[in-house]
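Novice: Pasting a structure here, questions to come.
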Amino acid sequence: MKFNKKHLGLCDYLAVYDQMTSFTESRESTTNDEIWLVEHLPVFTQGRHGKPEHLINPHHIPVVQSDRGGQITYHGPGQAVIYFLLDIKRLKIGIKTLVCQIEKSCIDLLHHYNIQSHTIENAPGIYVDNAKIASLGLRVKNGKTYHGLAINTHMDLTPFSYINPCGYTGLKMTQIEDYKKNITVEKVFSDYLICFQDRLQNLPI
């Protein structure tokens, strides 16, 4: 699988969200797939079917409505956010397969750091001892995906206590830095993409 890789740096969520939707709506059958790598300024994002009661107290952090799946989550500096702008119809990959490979790639990444992680049935994302370390939310439009994966790397986790993360009361959050010191978001981006490409290359055609 070939894709263009874009490092966006530290960006406002709404600006990137607008760019994602614009790219997805305007792309043609020959448009190259892209993966965007970004950190966001502090923001709470609410999924399409997000319930307002899961926002406990925003503490002056902006709350943005998004069209991704899932409930409310938090993005902030020190979190590795990976957006998958893929034509899955052209790739002949179903959305369930893609989600599975995104999750497995994250598990591979964490295993590389000697962190044992797992999934939980009907609760998308990746967990370490039932504490969430990565959140996943995608949208598919006309066979094209956008939104993606947020891996907690070395960030202030406090704002997660201002919400019920992903709609789960009392869900504990964790991050890579709790298990592997001196980790950088850039390193996580690089290592994750290797894991993801390896996973997709090994899929049966």
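What follows draws every value from the coordinates through simple rules; no lab data is involved. Please read these numbers as outputs of a predicted model, since none were measured by experiment. Glycine also receives a Cβ, built like all others from the backbone with ideal geometry; neighbour counts cover every protein chain displayed.
Novice: Filter the stretch 156-170 for residues that are in a loop (DSSP other than H, G, I, E, B) and touching a His at 6+ places or on another chain (Cβ under 9 Å); which is farthest from ARG68 (Cα to Cα)?
Specialist: Within the stretch 156-170, the subset in a loop (DSSP other than H, G, I, E, B) is 156-157, 164, 168-170.
Keeping just the survivors that are touching a His at 6+ places or on another chain (Cβ under 9 Å) gives 164, 168-169.
Working: ASN164: 17, TYR168: 17, THR169: 20 Å.
Checking each candidate, the answer is THR169.
Novice: From the list HIS49, HIS59, which one is free of Cβ contacts under 8 Å to residues at least 60 places away in the same chain, out of contact with any strand residue (DSSP E or B) (no Cβ under 7 Å at 6 or more places or on another chain) and not hydrophobic (A, V, I, L, M, F, W, C)? Show your work before the answer.
Specialist: Working: HIS59 fails: free of Cβ contacts under 8 Å to residues at least 60 places away in the same chain.
After ruling out the rest, the residue left standing is HIS49.
Novice: If you check ILE72, ILE93, ILE102, which single one turns out to be surrounded by 22 or more Cβ atoms within 10 Å (Cβ to Cβ), under 14 Å from LEU138 (Cβ atoms) and among the aliphatic types (A, V, I, L, M)? If you could, list the steps in order and put the result at the bottom.
Specialist: Working: ILE72 fails: under 14 Å from LEU138 (Cβ atoms); ILE93 fails: surrounded by 22 or more Cβ atoms within 10 Å (Cβ to Cβ).
Just one listed residue meets the conditions, ILE102.
Novice: Considering only the stretch 43-100, state which residues are over 30 Å from THR184 (Cα atoms) and charged (D, E, K, R).
Specialist: Correct list: ARG48, LYS51, GLU53, LYS89, ARG90, LYS92.
Novice: Let me ask you something else. Can you tell me which condition ASP108 does not meet? The list is (1) without any contact (Cβ under 8 Å) to a residue 60 or more places away in the chain; (2) acidic (Asp, Glu); (3) under 23 Å from ARG199 (Cβ atoms), and all the others hold.
Specialist: (1)
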